[in-house]
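One structure is given below, encoded as structure tokens.
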Amino acid sequence: MKPSIVVKLEALQERYKELQAHLADASVISDQGRFLALSKEYSQLANVSQCFSAWCSVQKDIETAEMMLDDPEMKEMAQEELKNAKVRNQDFEQKLKLLLLPKNSDDEYNCFLEIRAGSGGDEASIFVGDLFRMYSRFAEANHWNIELMNTSDGERGGFKEIIAKVSGDRVYQRLKFESGGHRVQRIPETESQGRIHTSTCTIAVLPELPKSDLPEISSVDIRIDTFRSSGAGGQHVNTTDSAIRITHIPTGIVVACQDERSQHKNKSKAMSVLGSRIRQAEINKRQLVEASERRNLLGTGDRSDRIRTYNFPQGRVTDHRINLTLYCLNEIMEGKLNTLIQPIIQEYQADQLSVFSEKKTNEIQ
């Protein structure tokens, strides 16, 4: 491991020890705000400190084994010890590099999942419904909760648009790479001649930000319209103007919410989605600049970012970002998405590690 990284790890471990002492101090314990802040920092440093301690222990094992190589009677055992220690050393170095990567605070949040029909007419709307069912099954398997916020029904089934909030442990971290264009190739039920049609849907995954992180939205920049909910919910929902549509005039972003019976609650939810979309639009602008410099797996969630193709006749799914093709389409449509999501996360981490290594190399030079 590079000396500059070891120096950084030593500093982090020293800070970890300092925090241990602070958290045992009575004056700190009595100050709830400071105690919580230090506890959070302590928790964040725990894994890296423990991993670094294990790595240091392995360095001693390597040093001892190398010294034993000079002893003819111990040489064979020393070689085996050295081999095992080097394997452990490599594992710990990889873990430490991952632990040192910048953390995305958004990863801890819940998220808004937005799926919209693109080209393909009725078949695109039907596929929106299929994708929502797929993500619902995945959420169920992970013990997450899905809460519908707004739907626009397709004429022959499915949805022209569906927006839901997904709540659970580190939801955004697992779903953020789903943003982009999704293409389906299959024979529609309405196709009498058995021809394969190609349709598209777009998915946007946005973190549900705490109010303190949402961008300020001036009341003069928004237009609010009310209308009657069209979804399920009984007579009250369909006869009361409880649904909300908010238009952000400077950007043209439109958000609707009709899930709640209360107009006030629908407005609160819609404003939360609007804030997340405005923030995401700003992030997308930065990512376009980054994309010109190097590959960006997160993309922008734009229609032009075709990330995945679902080919039903061949039973395959292809993720175009990492050239991954799997022949288990039925299982994936039933919500077994880890086979697609995990390789993307690993590839993203590899990209981050590459940038991290380049940065450290430049620092040394």
| All aspartates and glutamates inside 15 Å of K40 as judged from Cα atoms, apart from same-chain residues fewer than 8 positions distant | E18, D31, E108
| query | What size of dipole, in debye to the nearest 20, comes out for the stretch 3-100 about its Cα centre when the only charges are +1 on Lys and Arg C-beta atoms and -1 on Asp and Glu C-beta atoms? | reply | 620 debye
| field | Using a Förster distance of 56 Å, the FRET efficiency for R195-D241 (Cβ separation, nearest 0.05) | value | 0.80
| message | I'd like to know which of N284, A204, M271 lies farthest towards the positive end of the charge dipole of the chain, counting +1 on Cβ of Lys and Arg and -1 on Cβ of Asp and Glu. | response | M271
| task | Return the percentage of antiparallel bridges among DSSP beta bridges fully within the chain, rounded to the nearest 5 %. | result | 90 percent
| query | Once the piece of chain linking S119 and I249 is laid out straight, how much longer is it, given 0.36 nm per residue of separation minus the C-alpha distance between them? | reply | 44.1 nm
| query | What spacing in nm lies between the two simple spin-label points modelled at S57 and L326, each 7 Å away from Cα in the Cβ direction? | reply | 3.5 nm
| remark: If R0 = 56 Å, then R156 and L101, at their Cβ-Cβ distance, give a FRET efficiency to the nearest 0.05 of 0.75
| message | Can you return the aspartates and glutamates within cross-link range of K97? Criterion is Cα-Cα under 15 Å, with same-chain partners fewer than 8 residues away left out. | response | E10, E347, D351, E358
| note | Looking only at aspartates and glutamates whose Cα falls under 16 Å of K75's and that sit 8 or more positions away or on another chain, we get D61, E63, E66
| query | Once amide H atoms are placed 1.01 Å from N in the peptide plane, what residues at a sequence separation of 5 or more from I222, or on another chain, have their amide H within under 5 Å of its amide H? | reply | I249
| query | Once phi is turned into θ = phi - 60°, what whole-Hz ³J(HN,Hα) does the Karplus curve with 6.51, -1.76 and 1.60 give for every residue of the stretch 134-139, x standing for Gly and Pro? | reply | 4, 5, 5, 5, 5, 4
| task | Using +1 at the Cβ of each Lys and Arg and -1 at the Cβ of each Asp and Glu in the chain, identify which of A21, Y135, V184 lies farthest towards the dipole's positive end. | result | V184
| task | Provide I196, I162, I146 in ascending order of the number of other Cβ atoms located within 10 Å of each residue's Cβ, fewest first. | result | I196, I146, I162
| request: Quick one: compute the contact order of the chain, relative version, from alpha carbon pairs under 8 angstrom and 6+ residues apart, as a percent. | output: 15 percent
| query | Where the only charges are on Cβ atoms (+1 Lys, Arg; -1 Asp, Glu), what is the dipole of the chain about its Cα centre, to the nearest 20 debye? | reply | 1140 debye
| query | Per-residue ellipticity at 222 nm for the chain, helices alone: DSSP H runs ≥ 4 residues times -39500 (n - 2.57), over residue total, nearest 500 deg cm²/dmol? | reply | -17000 deg cm²/dmol
| task | Please say if the stretch 105-350 is rounded, prolate or oblate, where rounded means a/c under 1.5 for a ≥ b ≥ c the square roots of the C-alpha gyration tensor eigenvalues, and otherwise the choice is prolate for a/b larger than b/c and oblate otherwise? | result | oblate
| remark: Taking Cα atoms, the helix 3-23 axis meets the longest principal axis of the chain at an angle in degrees (rounded to 10) of 80 degrees
| Fewest first, what order do Y327, Y348 take by the number of other Cβ atoms within 10 Å? | Y327, Y348
| note | Between S136 and S219, the FRET efficiency computed from the C-beta separation at R0 = 41 Å comes out, to the nearest 0.05, as 0.70
| request: May I ask you to compute the full-extension gain from T226 to M74, defined as 0.36 nm times their residue separation minus their alpha-carbon distance, rounded to one decimal in nm? | output: 46.5 nm
| note | With x for Gly and Pro, the residue-by-residue ³J(HN,Hα) of the stretch 268-274, computed from phi through the Karplus equation 6.51 cos²θ - 1.76 cosθ + 1.60 at θ = phi - 60° and given in whole Hz, is 4, 5, 4, 5, 5, 5, 4
| request: Grab the Cα-Cα distance for S43 and R316, subtract it from 0.36 nm times how many residues apart they are, and report the gain in nm with one decimal. | output: 94.1 nm
| task | May I ask for the distance between the Cα centers of the stretch 150-192 and the stretch 38-88, given as a whole number of Å? | result | 48 Å
| field | Inter-label distance for E10 and Q349, nm, one decimal - labels placed 7 Å from Cα along Cα-to-Cβ | value | 2.7 nm
| message | Using a 7 Å offset from the Cα along the Cα-to-Cβ direction at both N84 and K211, what is the distance between the two label points in nm, to one decimal? | response | 5.7 nm
| task | Mind ranking 200-208, 46-54, 167-175 by how tightly packed they are, going by the mean number of other C-beta atoms within 10 angstrom, highest first? | result | 200-208, 167-175, 46-54
| remark: Within the stretch 1-109, DSSP-loop GluC sites (Glu not before Pro) with at most 12 other C-beta atoms within 10 Å are E73
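Values in this text are rule-based calculations from the coordinates and carry no lab data. What you see is a predicted model; the values in this text were computed from it and never measured. Note: ideal-geometry Cβ built from the backbone for every residue, glycine included; neighbour counts use all protein chains shown.
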